[in-house]
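Engineer: Starting off with a structure, shown below.
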Amino acid sequence: MLRREEIEEILNQARSIDPNCVMFGASAHQYRLNPPIEKSFVEKIEKQYGFQLPEDYFRFITQIGDGGAGPDYGIQPFSSFLRKDCSLWVEKCRKAYRHSLAKPFTPRPMRADELEEYAIATREQYEKEPDRYFVYENFDPDDWSETNGYFNLGTHGCQWDYGIITAGEKFGQVFDIDNECAYYLLANSFDEFYQDWLAQLANTACFREKLESWKRLIERK
């Protein structure tokens, strides 16, 4: 079970190694968690839109932190769920997205002959673990509700996001998604997903090596 004290210890260590938050995406969250959010707010949203968050993610945002430090650009705060936009079109899409969370997430397995249609995997990656790749059919790229039962947790950048499933047989699992609704199974639960990321930070030798590689890449640009 995730505990804020243990998480902050790892985050503090990462921040001491990367004090200027040079690592990709780190400037957005600075290796810091947001304060937890009130349970009553989350429960009100769940009731209003008819969906339920997975228990471990619910616990995370209400007892540990409402987003902040996480993979790449970090975990977006749940408190922004009802944010308004000045664009009527964007607001219409957000409304559709909120209501879509109660509907079952129903992707199908990706076929090997479809690899060239999606950017989520190379053939080598797919062949190593084909059962982790999925496609959501009938996807409308102009509809920001994306797919049913998928709650966006954060972004890798360049229209590559990651999120957790809120309805259907894959409830509670965490997936990467590309901008064409191809999915890759990252973890079977939010706790597993977040612990995997923390483990990468806690391995200081690997983290330092990755940081130096990123610095060299930046310098070449």
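Engineer: Can you tell me which residue within the stretch 103-160, out of those that are loosely packed, with under 13 Cβ neighbours inside 10 Å, over 29 Å from Gln48 (Cβ atoms) and within 16 Å of the chain's Cα centre (by Cα), is modelled with the highest pLDDT?
Structural biologist: Ranking the candidates gives Gly157 first.
Engineer: Scan the stretch 62-108 for residues that are touching a Pro at 6+ places or on another chain (Cβ under 8 Å) and in a helix (DSSP H, G or I) and jot them down.
Structural biologist: To start, the set of residues in the stretch 62-108 that are touching a Pro at 6+ places or on another chain (Cβ under 8 Å) comprises 62-68.
Listed by number, the residues that qualify are Thr62, Gln63, Ile64.
Engineer: Taking the residues in the stretch 57-71 that are touching a helix residue (DSSP H, G or I) at 6+ places or on another chain (Cβ under 8 Å) and open to solvent by 30 Å² or more (accessible area, probe 1.4 Å) as candidates, determine which candidate is nearest to Ser189 (Cα to Cα). Break it down into steps so the answer makes sense when it comes.
Structural biologist: Taking the stretch 57-71 as the starting set, the residues that turn out to be touching a helix residue (DSSP H, G or I) at 6+ places or on another chain (Cβ under 8 Å) are 57-58, 60-71.
Checking the rest, the ones that are also open to solvent by 30 Å² or more (accessible area, probe 1.4 Å) come to 58, 63.
Values: Phe58: 12, Gln63: 17 Å.
If we take residues in the stretch 57-71 being touching a helix residue (DSSP H, G or I) at 6+ places or on another chain (Cβ under 8 Å) and open to solvent by 30 Å² or more (accessible area, probe 1.4 Å), then Phe58 is nearest to Ser189 (Cα to Cα).
Engineer: Here's another thing I want to ask about it. When residues of the stretch 194-218 are filtered for being free of Cβ contacts under 8 Å to residues at least 40 places away in the same chain and closer than 26 Å to Met1 by Cβ, how many remain? Lay out the reasoning, then the answer.
Structural biologist: As a first pass, look at the stretch 194-218 and keep what is free of Cβ contacts under 8 Å to residues at least 40 places away in the same chain: 196, 199-200, 203, 205-206, 209, 212-213, 216-217.
Filter again for closer than 26 Å to Met1 by Cβ, leaving 196, 199-200, 203, 206.
Adding up the residues that qualify gives 5.
Engineer: Has the stretch 13-36 got any residue that is in contact (Cβ under 8 Å) with a residue 60 or more places away in the chain, of a type in the set (S, T, N, Q), within 17 Å of Leu153 (Cα to Cα) and touching a strand residue (DSSP E or B) at 6+ places or on another chain (Cβ under 8 Å)?
Structural biologist: no
Engineer: Does the stretch 72-102 hold any residues that are open to solvent by 50 Å² or more (accessible area, probe 1.4 Å), more than 30 Å from Ala14 (Cβ to Cβ) and basic (Lys, Arg), and which are they?
Structural biologist: Selection gives Lys84, Lys92, Lys95.
Engineer: Sticking with this structure for a sec: Which of the residues belonging to the stretch 177-211 are acidic (Asp, Glu) and at pLDDT 95 or above?
Structural biologist: In the first step, residues of the stretch 177-211 are kept if they are acidic (Asp, Glu); the result is 178, 180, 191-192, 196, 209.
Hits for the stretch 177-211 are Asp191, Glu192, Asp196, Glu209.
Engineer: Here's something else I'd like to know. Within the stretch 14-56, work out how many residues are farther than 15 Å from Trp214 by Cβ and open to solvent by 70 Å² or more (accessible area, probe 1.4 Å).
Structural biologist: Total meeting the criteria: 13.
Engineer: Quick check, is Phe207 farther than 24 Å from Ser27 by Cβ, open to solvent by less than 30 Å² (accessible area, probe 1.4 Å) and of a type in the set (Phe, Trp, Tyr)? Lay out the reasoning, then the answer.
Structural biologist: Working: farther than 24 Å from Ser27 by Cβ: no; open to solvent by less than 30 Å² (accessible area, probe 1.4 Å): yes; of a type in the set (Phe, Trp, Tyr): yes.
Answer is no for this residue.
Engineer: Can you tell which of Ala205, Ala167, Ala121 is touching a Leu at 6+ places or on another chain (Cβ under 9 Å) and more than 25 Å from Asp56 (Cβ to Cβ)? So that I can check it myself, show each step before the final result.
Structural biologist: Details: Ala205 fails: touching a Leu at 6+ places or on another chain (Cβ under 9 Å); Ala167 fails: more than 25 Å from Asp56 (Cβ to Cβ).
None of the others qualify; the one that does is Ala121.
Engineer: Restricting to the stretch 1-31, name every residue that is assigned to a loop (DSSP other than H, G, I, E, B) and hydrophobic (A, V, I, L, M, F, W, C). Break it down into steps so the answer makes sense when it comes.
Structural biologist: Initial filter on the stretch 1-31 (assigned to a loop (DSSP other than H, G, I, E, B)): 1-3, 18-25, 30-31.
Met1, Leu2, Cys21, Val22, Met23, Phe24 - these are the residues of the stretch 1-31 that are assigned to a loop (DSSP other than H, G, I, E, B) and hydrophobic (A, V, I, L, M, F, W, C).
Engineer: Sticking with this structure for a sec: Taking into account only those residues within the stretch 83-111 that are of a type in the set (A, V, I, L, M) and in contact (Cβ under 8 Å) with a residue 24 or more places away in the chain, which is farthest from Tyr183 (Cα to Cα)?
Structural biologist: The first filter runs over the stretch 83-111 and keeps only residues of a type in the set (A, V, I, L, M), leaving 88, 90, 96, 101-102, 110.
Going one step further and asking which of them are in contact (Cβ under 8 Å) with a residue 24 or more places away in the chain, we end up with 90, 96, 101-102, 110.
On the way: Val90: 24, Ala96: 20, Leu101: 17, Ala102: 19, Met110: 9 Å.
That would be Val90.
Engineer: Restricted to the stretch 161-171, and to residues that are surrounded by 19 or more Cβ atoms within 10 Å (Cβ to Cβ) and at pLDDT 95 or above, which residue is nearest to Asp191 (Cα to Cα)? Before the answer, list the steps.
Structural biologist: Keep residues of the stretch 161-171 that are surrounded by 19 or more Cβ atoms within 10 Å (Cβ to Cβ), which gives 161-167, 170.
Now drop any that are not at pLDDT 95 or above, which leaves 162-167, 170.
Values: Tyr162: 14, Gly163: 13, Ile164: 11, Ile165: 13, Thr166: 15, Ala167: 18, Lys170: 15 Å.
Result: Ile164.
The values are calculated or read from the model by the stated rules, or taken from the named source; none is laboratory data. These figures come from a predicted structure and were not determined experimentally. As a convention, Cβ positions derive from the backbone with ideal geometry for all residues, glycine included, and neighbour counts pool all protein chains shown. Accessible surface areas use protein heavy atoms only, side chains included; no ligands, DNA or RNA. Shrake-Rupley method; radii C 1.70, N 1.55, O 1.52, S 1.80 Å.
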